[in-house]
């Protein structure tokens, strides 16, 4: 088999998850983030710490690159060597993109990270042996490793602070990898409720912690296969197709008047997060 | 596998809910933490506690004065997370990072837990009744004029009670102090619009021109403004709102601007008058005042004084003329000078010229209970307190909700002045710098343990009173609510008048029930009204609409630019960041580890310097530089930052604590310490941006601890964060 054949018939070789005849039934959780309304304020990131029991590692460990922020704001400047950034900065909330063909999944020697039926890239903490291959293979660098046993590290959760920990989320010990889960604990709770009522989760019934906090409502989250969901409508309006590695709208000119895009789409991880490009006024 | 229609999870859930009567009440989640050493099943479960099921209570965020309504998640008697209250017209279910960290204030390991009495350098724990007796003893024989009470901004019933207490002491010395407040802008707004804080409708404006107002980060009501901003960006019929920010150091709002115009520090007013002049020249009718004030501010002069290019000025004027209504905001960068009032007046005049008053600047609602309206803090109050203390005028000093030893400008030498009061009482959450100078420290409940009412200064959605209620039982038995402490103190003076109130809760309840009719509870009985009030956490009031009164700007004149100071050639811009503000929350570790949005630095202070200037001075990132003013010197790491005027350096406020707790003490430096005593000439407020400094390398270098990677803010050719211009997109077709 030549590389050419492999690339030509990529979809046959590199399957989506799940691979049975009814993928994403009834759920495919997905997100869209409008970079034109995102102000870079970091509220999402702090909300994520609060919801997901993320340890504060302190200055020294942060310097060593051991920070655990599942949700981070990247800040970029334009690169045309102007003296002042006179059109502002670009902010980009970055977290696990919950790829449909996740590069992290295939390299895990113990199957600790794999795909769920509702389209999440899951991380099974008590299966993880800490090889960190997944992090090495992640193009977005959104996986965070527990170099320390944070529950026992001084001043991470001293005394009363332990009482703030969210009982719905595991506190991770040393040697395991962790990352954004799309607030799976919230998803499972509403999925169970919906199931017990014989329906599927309705649009607006569940929010991720970052989405709920976001002061400018830049984040939408929902069920991509539910035609009623805002996320579905946004993806459709932006002509961003989950299973494409190059969007039709871009094929002719390399770009379009629609702002929706996925980061590093060309690597074919098929991310579940669509971003909407920042806009700047041309008249001023 | 069993039929999944009734799986284990459902089963457990059914068991959990079985037979439980859920009674929601805001108080008394008792005894969950009692006996935690032994595992006992809930033989007699408290009926509002269902293991594994969360309950939610509405309350009010106390991390700043914006008065966002919050909804706390409580499980097994512990508050776990705060969300915005979706029914709130202020924050509409949203919350900032600072607000999220409120739980870390509550659970903070460094909170003061019992009353402490000074014994030499140490504080010794004493009982509350002894502490109260001591206060009575110290007040004995002291006249009301010799008592001073310093507080941060207060509102609602606490303000009423505090006023009554001071009255009972015969004291008129209530100093309301906020280190970071829009006090000069308030005064300028009062003149220009007849209101200190009118309602700004960013969402109705097609262009927002902000002179240093960081309304997305730390200015007035940032969560509310962020919501408006999102609507403004979406615009009407695909006509996206345009944001132009004018400032000398980029704020978070500046980083989101379509055009960020860097001006020479202090020339904001010049640019505003220049725009008025140019609008007049392009045919916009100017009033006599506006024409007189802007006379002589032609393009050549304005571009040379401000540093804004003629091209950008022309484009901005054309845009403002073409797209109406617009909105012009005067913020903290514009007001922080000796001529801050004139700057703000010139900026407000621009709103009148553009016809924005009444369109995007609207009258605020009037609170029907003026006695509950917020007492607004300013730095002028601290100045007069300091003068009184230095003159030995006050024998007893109370401090609450402010940390003046940390936030007073170094030139004021507040710590020395404070030492002259014979007896100092600090009502405190932490042993901060001010509490350490006190003789008696009284520990307060956290905002999540206490009762209260709050009225925000900025009434975003009409008149309302916010309810603060305990989300859980007290963590520490010996802390008290501020209202309870005041009530106990006032009973020392007027026992009979207050004997009917067992505690602050009963005071609050009876005060609100007395006015039930006016508070919208006319037809309902007391308990129904009270339960409804606690459930919603907001009392909406049918306040009368206020009025705007446009007034004349006659006599507006900007001073000549100050001569350069050869010894101190650089401007110091002490920046206010969204998370740390004036430093009162620096001991909340989420805020310390949350990267600064613009520099991505964590856990430390930094000196922002323009790369061009840094290259001239041979400074690279991480060099420790000494920043010296007439008042003092601090040293911090340099960070090369393109969003700053080359003649200025900027250091963020809020860090550099010498006390307060494990997450605050020893991290960074405190620029308040080197602020010179320069005041706005009209209002007397501290001119925060007037301090001139010189900088020099000290010969050390550190690695800057920050979130951005080694190539800084570059994408290195990868398509990560993308951007388009308005002529490349069709926003009208979006949903």
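The values are calculated or read from the model by the stated rules, or taken from the named source; none is laboratory data. Bear in mind the structure is a predicted one, so any value in this text is a computation, not a measurement. Here the Cβ is made from the backbone with ideal geometry for all residues, glycine too, and neighbour counts use every protein chain on show.
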- Message: Based on this model, can you work out whether residue B:637 counts as buried (at least 22 other Cβ atoms within 10 Å of the Cβ) and either in contact (Cβ under 8 Å) with a residue 40 or more places away in the chain or not in a loop (DSSP other than H, G, I, E, B) (or both)?
- Response: yes
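Does residue B:220 fit the bill of being more than 10 Å from every other protein chain (Cβ to nearest Cβ) and part of a strand (DSSP E or B)?
no
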- Of all residues in region B:82-113, how many are facing chain A (nearest Cβ under 9 Å), closer than 17 Å to residue A:213 by Cβ and outside any loop (DSSP other than H, G, I, E, B)? 9
- Message: Considering only region A:101-121, I want to know if a residue exists there that is more than 14 Å from chain B (Cβ to nearest Cβ), in contact (Cβ under 8 Å) with a residue 12 or more places away in the chain, under 13 Å from the mean Cα position of the chain (by Cα) and closer than 19 Å to residue B:720 by Cα.
- Response: yes
- Task: Kindly list the number of the only condition in (1) surrounded by 24 or more Cβ atoms within 10 Å (Cβ to Cβ); (2) outside any helix (DSSP H, G or I); (3) within 20 Å of the chain's Cα centre (by Cα) that fails for residue B:592.
- Result: (2)
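Every residue, every condition in (1) in contact with a strand residue (DSSP E or B) (Cβ under 7 Å, 6 or more places away or on another chain); (2) more than 14 Å from chain A (Cβ to nearest Cβ); (3) without any contact (Cβ under 8 Å) to a residue 24 or more places away in the chain, yes or no:
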{"site": "B:175", "(1), (2), (3)": "yes, yes, no"}
{"site": "B:182", "(1), (2), (3)": "no, yes, no"}
{"site": "B:191", "(1), (2), (3)": "no, yes, no"}
{"site": "B:206", "(1), (2), (3)": "yes, no, no"}
{"site": "B:230", "(1), (2), (3)": "no, no, yes"}
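For (1) in contact (Cβ under 8 Å) with a residue 12 or more places away in the chain; (2) more than 7 Å from chain A (Cβ to nearest Cβ); (3) not in a loop (DSSP other than H, G, I, E, B), each residue gets a yes or a no:
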{"residue": "B:689", "(1), (2), (3)": "yes, yes, no"}
{"residue": "B:698", "(1), (2), (3)": "yes, yes, yes"}
{"residue": "B:720", "(1), (2), (3)": "no, no, no"}
{"residue": "B:735", "(1), (2), (3)": "no, no, no"}
- Leading residue by the ranking (farthest from the other protein chains (Cβ to nearest Cβ)) among those in region B:233-251 that are farther than 26 Å from residue B:265 by Cβ and touching a strand residue (DSSP E or B) at 6+ places or on another chain (Cβ under 7 Å): B:241
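Buried (at least 23 other Cβ atoms within 10 Å of the Cβ), within 11 Å of chain B (Cβ to nearest Cβ) and at positive phi: does that describe residue A:65? Give the derivation first.
On the way: buried (at least 23 other Cβ atoms within 10 Å of the Cβ): no; within 11 Å of chain B (Cβ to nearest Cβ): yes; at positive phi: yes.
Judged against the criteria, residue A:65 is not a match.
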- Query: Within the group B:482, B:472, which residue is modelled with pLDDT under 95, buried (at least 18 other Cβ atoms within 10 Å of the Cβ) and touching a helix residue (DSSP H, G or I) at 6+ places or on another chain (Cβ under 9 Å)?
  - Reply: B:472
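Residues of region B:68-81 being at the interface with another protein chain (Cβ under 8 Å from one of its Cβ atoms) and under 16 Å from residue A:46 (Cα atoms), which ones?
Result: B:80, B:81.
Could you list, in sequence order, the residues of region A:74-90 that are in contact (Cβ under 8 Å) with a residue 60 or more places away in the chain and on the phi < 0 side of the Ramachandran plot? Talk me through it step by step, then tell me what you get.
At the first step, the residues of region A:74-90 found to be in contact (Cβ under 8 Å) with a residue 60 or more places away in the chain are A:87-88, A:90.
Matches in region A:74-90: A:87, A:90.
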- Item | Filter pass, residue B:273 being in contact (Cβ under 8 Å) with a residue 40 or more places away in the chain and more than 10 Å from chain A (Cβ to nearest Cβ) | yes
- Kindly indicate the residue of region B:642-659 that is away from every other protein chain (no Cβ under 14 Å), touching a strand residue (DSSP E or B) at 6+ places or on another chain (Cβ under 7 Å) and part of a loop (DSSP other than H, G, I, E, B) and also surrounded by the fewest Cβ atoms within 10 Å (Cβ to Cβ) among those meeting that condition. B:658
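Provide a single number: the residues in region B:232-247 that are assigned to a loop (DSSP other than H, G, I, E, B) and either without any contact (Cβ under 8 Å) to a residue 40 or more places away in the chain or within 21 Å of the chain's Cα centre (by Cα) (or both).
Adding up the residues that qualify gives 1.
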- Can you tell me which residue within region A:239-261, out of those that are within 10 Å of chain B (Cβ to nearest Cβ) and in contact (Cβ under 8 Å) with a residue 40 or more places away in the chain, is surrounded by the fewest Cβ atoms within 10 Å (Cβ to Cβ)? A:260
- Item | Whichever residue in region B:572-589 is outside any loop (DSSP other than H, G, I, E, B) and more than 16 Å from residue B:706 (Cα to Cα) and, among such residues, is nearest to the chain's Cα centre (by Cα) | B:575
- Scanning region A:42-56 for residues that are farther than 14 Å from residue A:171 by Cα and within 7 Å of chain B (Cβ to nearest Cβ) gives A:42, A:43, A:45, A:46, A:47
- Which condition breaks for residue B:516 when tested against (1) farther than 30 Å from residue B:139 by Cα; (2) in contact with a strand residue (DSSP E or B) (Cβ under 8 Å, 6 or more places away or on another chain)? (2)
- Task: Give me a count of the residues in region B:306-333 that are within 21 Å of residue B:184 (Cβ to Cβ), modelled with pLDDT of 95 or more and assigned to a helix (DSSP H, G or I).
- Result: 1
- Can you pull out the residues in region A:140-160 that are within 10 Å of chain B (Cβ to nearest Cβ) and touching a helix residue (DSSP H, G or I) at 6+ places or on another chain (Cβ under 7 Å)? A:156, A:157
- Evaluate the following for residue B:694: is it outside any loop (DSSP other than H, G, I, E, B), more than 7 Å from chain A (Cβ to nearest Cβ) and surrounded by 16 or more Cβ atoms within 10 Å (Cβ to Cβ)? yes
- Given the residues B:274, B:283, which is the only one that is at positive phi and either part of a helix (DSSP H, G or I) or not assigned by TED's automatic domain parsing to the domain that holds residue B:687 (or both)? B:283
